[in-house]
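Trainee: If you scroll down you'll find the structure; I have some questions about it.
The values are calculated or read from the model by the stated rules, or taken from the named source; none is laboratory data. Keep in mind it's a predicted model, so treat the numbers as computed, not measured. Glycine also receives a Cβ, built like all others from the backbone with ideal geometry; neighbour counts cover every protein chain displayed.
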Amino acid sequence: MRSKIVAGNWKMNKNLSESIALTREIITNVAGKLAADVRVIIAPTFVSLSDVSKIVKDTNVEVAAQNMHFAENGAFTGEISANMLQDIGISTVILGHSERRAYFGETDELLVKKVNTALKNQLEIIFCFGEELADRKSENYFTIVENQLKNALFHLSEKEWNGIILAYEPVWAIGTGETASPEQAQEMHAFIRKIVAEKYGDNLANSISILYGGSVKPTNAQEIFSKPDVDGGLIGGAALKAEDFTAIIKAI
Ligand code: 13P
C-alpha cells in the first residue's frame, strides 16, 4: 500500500546506549502524532537491532535492518540472515544502498539474490538505487536508474511488489549537503513510476511508495515531500538527531 514514509538510516553510527536513547526520544516525539498513512522507520546497526526492536514494540515507530545476507544460513563469517532478523521482530530490510554497492561490491546480480531471500522470508524491502555524479553530468541518469530497477526487481511477480518500497538516492546527494532539487526529485520519481507502470500497470505503479534520499534536512524536507511522486524520505545524517528527524517527520 502506498504510504508516506520517513525512514532513518543510521549507517555505522550510534552504539547501543546511544541507539536506545535516540529511539526513546523519537518514540516520545511522535507518540500519538502520526497520521494514519504515515510510517516512521528507524534502521540502527545490527548490534542495536534487538534492543531497539523491543523498545519500539507497541509504538508507532518501526525498525528496519540496514542489510542482510542472501543465504538462509551457513559459513558466511560476519553476516546476518533473514531468519535472524525475523526472529528478533524485524520485518523490513534496506537493500542496495549505494554505500553497499560502492564499498562492499554489491552488484545487481547479488541484489537479486538478496531481494529473493528477503521476500521469501516475508521481509519488506526498502530498495535503494540512484545514479552517480558522472551519470548525472553525462545525462544518462534515466538509463542508469532504469537498469538498476530492471536488473534487480523486474523479475518479481505483481504480488511480490507488495513487499517493495523504492528509495531513489542519487549518489551525488548523499552526505554531500547537495540535495537534488524538488524538481529533479519529482522528475525522477515520475520516471520511476512510469517504468514500473509500463511493466506492471498503473495500479501497481500508483500503489508503491517512492522515497527520496540524499541530504534531506528539516530545512528542505517540506518542499521535497510536497512533490506528487515523492512519498517520503530515506534520511541519513539528519536522522541521527531526534530533533531534526522529528522536524522532517512533521514536514510530511
Ligand atoms: P544523507 O541524508 O546523510 O545524505 O544520507 C542519505 C542516505 O544515504 C540514506 O540512506
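Yes or no, residue by residue, for (1) without any contact (Cβ under 8 Å) to a residue 12 or more places away in the chain; (2) surrounded by fewer than 19 Cβ atoms within 10 Å (Cβ to Cβ):
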{"position": "178", "(1), (2)": "no, yes"}
{"position": "186", "(1), (2)": "no, yes"}
{"position": "203", "(1), (2)": "yes, yes"}
{"position": "206", "(1), (2)": "no, yes"}
{"position": "223", "(1), (2)": "no, yes"}
{"position": "226", "(1), (2)": "no, yes"}
{"position": "232", "(1), (2)": "no, no"}
{"position": "240", "(1), (2)": "no, yes"}
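Trainee: Right, something else. Examine region 210-219 for a residue that is surrounded by fewer than 22 Cβ atoms within 10 Å (Cβ to Cβ), outside any loop (DSSP other than H, G, I, E, B) and either free of Cβ contacts under 8 Å to residues at least 40 places away in the same chain or away from the ligand (no atom under 14 Å from the Cβ) (or both), and state whether such a residue exists.
Mentor: Within region 210-219 (the criterion being surrounded by fewer than 22 Cβ atoms within 10 Å (Cβ to Cβ), outside any loop (DSSP other than H, G, I, E, B) and either free of Cβ contacts under 8 Å to residues at least 40 places away in the same chain or away from the ligand (no atom under 14 Å from the Cβ) (or both)), the answer is no, since none of the residues qualifies.
Trainee: Follow-up question, since we're still on this one. Are there any pairs, at least 6 apart or on different chains, whose C-beta atoms fall under 6 Å, with the first in region 82-100 and among the hydroxyl-bearing types (Ser, Thr, Tyr) and the second within 13 Å of the ligand (Cβ to nearest atom) and in a helix (DSSP H, G or I), and if so, which?
Mentor: Close Cβ pairs satisfying both conditions: 98/171.
Trainee: Further, regarding this structure: Please enumerate the residues belonging to region 144-181 that are away from the ligand (no atom under 16 Å from the Cβ) and assigned to a loop (DSSP other than H, G, I, E, B).
Mentor: Matches in region 144-181: 154, 155, 156, 157, 158.
Trainee: At pLDDT 95 or above and of a type outside the set (S, T, N, Q): does that describe residue 173? First the steps, then the outcome.
Mentor: Values: at pLDDT 95 or above: no; of a type outside the set (S, T, N, Q): yes.
It is false that residue 173 is at pLDDT 95 or above and of a type outside the set (S, T, N, Q).
Trainee: Taking the condition in contact with a strand residue (DSSP E or B) (Cβ under 6 Å, 6 or more places away or on another chain), at pLDDT 95 or above and over 18 Å from residue 169 (Cα atoms), does residue 114 pass?
Mentor: So residue 114 fits the description; yes.
Trainee: Could you say which residue among 20, 42 is more than 16 Å from the ligand (Cβ to nearest atom) and in contact (Cβ under 8 Å) with a residue 12 or more places away in the chain? Even if it seems obvious, please write down each step before you answer.
Mentor: Values: 42 fails: more than 16 Å from the ligand (Cβ to nearest atom).
Testing whether each residue is more than 16 Å from the ligand (Cβ to nearest atom) and in contact (Cβ under 8 Å) with a residue 12 or more places away in the chain leaves just 20.
Trainee: Here is a further query. When you look at residue 242, is it of a type in the set (Gly, Ala, Ser) and within 15 Å of the ligand (Cβ to nearest atom), yes or no?
Mentor: In short, no.
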